[in-house]
Amino acid sequence: MANFNKVILIGRLTRDPETRTFSNGGKVAKFGFAVSNRKKNSQTGQWEDEPMFIDCEAFNRGETGTLANTIETYCKKGSLICIEGKLHLDQWDDKTTGQKRSKHKIVVDSMQLLERRGEDGQGGGVPRAATAGAPAKAAAGAGDYDEAPAAGGGGDEIPF
């Protein structure tokens, strides 16, 4: 039987990332993530968003890994991102009750920022995508495909 463990989600951070550095130089960024499921209310017939909250971890992997650094630098509570990763089951014993507890989380392999940086004077380019094994590349305005061409531009300009 084949196994395949891959998750791709688009949502928003529910809290600022918390980072921790390991003695070997590695780093982890932990953050909360929210996505919505749309469902139809059987009583009203209206579509409603049902939020789902997920804990996530992103690591700097290998010598060139910068994923945790990128998330720490560019993401904050409310940031809209796309994450790709694996489901992982955490299990532990509750210290107060002694009961076994568990929860699913996502170990992030790559992420992509889906909105531009705010007009709060921070300026600079924003990395559009980052992976666990490769450094993030800052995208200049010319490389963004999500912008419409300027109105009234010359007919010989390519919109991308």
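Values quoted throughout were computed directly from the atomic coordinates according to the rules given, and no laboratory measurement underlies them. Remember, it's a predicted structure, so these values are computed and weren't measured experimentally.
Brief remarks follow.
- Shape call, segment 3-122: gyration tensor on alpha carbons, a/c limit 1.5: oblate
- When each of Lys6/Lys100; Lys30/Lys100; Lys39/Lys86; Lys30/Lys76; Lys30/Lys77 is checked by Cα-Cα distance, pairs over 20 Å: Lys6/Lys100; Lys30/Lys100; Lys39/Lys86
- Debye-sum result for segment 1-50 in log10 I(q)/I(0), which assumes one identical scatterer on each alpha carbon, at q = 0.23 Å⁻¹: -0.92
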